[in-house]
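Everything below concerns the one structure shown next.
Just so you know, all these numbers are worked out from the coordinates, no wet-lab data involved. These numbers come from a predicted model, not from an experiment. Note that each Cβ is placed from the backbone with ideal geometry, even for glycine, and that neighbours are counted across all protein chains shown.
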Amino acid sequence: MTRAASVLRRLDECDRWLYGVVGRWSAPLLDEPLRKVTQLADFSKPWFLVAGALGVLGGPRGRRAAVTGLAAVGVTSLVVNQPLKALGGRRRPDRGVLGAPQPRWVRMPTSGAFPSGHAASAAAFTVAAGDVLPALRPVLGAAASVVAFSRVYTGVHYPSDVLVGAAVGMLVGRLVGGAAVRWVPAPG
């Protein structure tokens, strides 16, 4: 076995172990709320809702943050759901075998698992909108973290799927947010 294959095998073992740790964690009071969070996050709905609120209530800077955040979500979704998932080629976890309790389950997506599009979009919106309105960062960051964790908790992603998705989203969010701050004139 090559060194690279050995490293990848160990990373996969660690990922499966962490998935099992989350699966064995007994927190029945979180089952329903985290299932609802992960379902709400389908199709980036939370970020559209936040953008709508910013557009209506946030004045010119809020509208700028909303547009910038949604632009980052769009770019991230394209990058993650097209080339990266195709290249990743990772199948979703077998929840029954790996220990995610059935009361937590949501509908298993049919797309590849790697990287997590939910985590990527959440991170992209948070970083890009936060570049325009830094006061939003803590609240958006907390919301994005809950969405990302919910994907492992409900059994539809391995932890590394979520971590890599969030990293991709942060990178794209920083690029889009930085471009908006540098090149788009600030509202008067």
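Ordering PRO28, GLY173, GLY99 by Cα displacement along the dipole of the chain toward the positive end leaves GLY173 in first place; charges were set at the Cβ atoms of Lys, Arg (+1) and Asp, Glu (-1).
Once the Cα atoms of helix 28-40 and of the chain are each reduced to a long axis, what angle between those two axes, in degrees from 0 to 90 to the nearest 10, is obtained? Its long axis makes an angle of about 50 degrees. The share of alpha-carbon pairs in the chain lying farther apart than 20 Å comes to 55%. Result for the chain in a Gaussian network model with C-alpha springs under 10 Å: among ALA41, ALA122, ALA86, the largest mean-square fluctuation is at ALA86.
Can you sort THR110, THR68, THR76, THR38 by how many other beta carbons sit within 10 Å, fewest first?
The most exposed by this proxy come first: THR110, THR38, THR68, THR76.
Helix 159-183 and the long axis of the chain differ in direction by around 10°, with both axes built from C-alpha atoms.
Annotation: Cα Rg of segment 72-112 relative to the compact-globule expectation 2.2 N^0.38 Å equals 1.46. May I ask for the angle, rounded to the nearest 10°, between helix 3-24 and the longest principal axis of the chain, with both axes built from Cα atoms and the value confined to 0 to 90°? For helix 3-24, the angle is close to 90 degrees. With neighbours defined as other Cβ atoms within 10 Å of a residue's Cβ, the residues LYS85, LYS45 order from fewest to most as LYS45, LYS85.
Over the residues of the chain, the helix contribution to mean residue ellipticity at 222 nm works out to -23500 deg cm²/dmol, using -39500 (n - 2.57) for each DSSP H run of at least 4. Only Cα sites of segment 1-61 enter the Debye sum here, all with the same form factor; the resulting log10 I(q)/I(0) across q = 0.22, 0.26, 0.28 1/Å is -0.91, -1.01, -1.05, listed in q order.
Fewest to most neighbouring Cβ within 10 Å: what's the order for SER6, SER77?
SER6, SER77
When only alpha carbons of segment 100-157 are considered, Rg and Dmax amount to 13.2, 41 Å.
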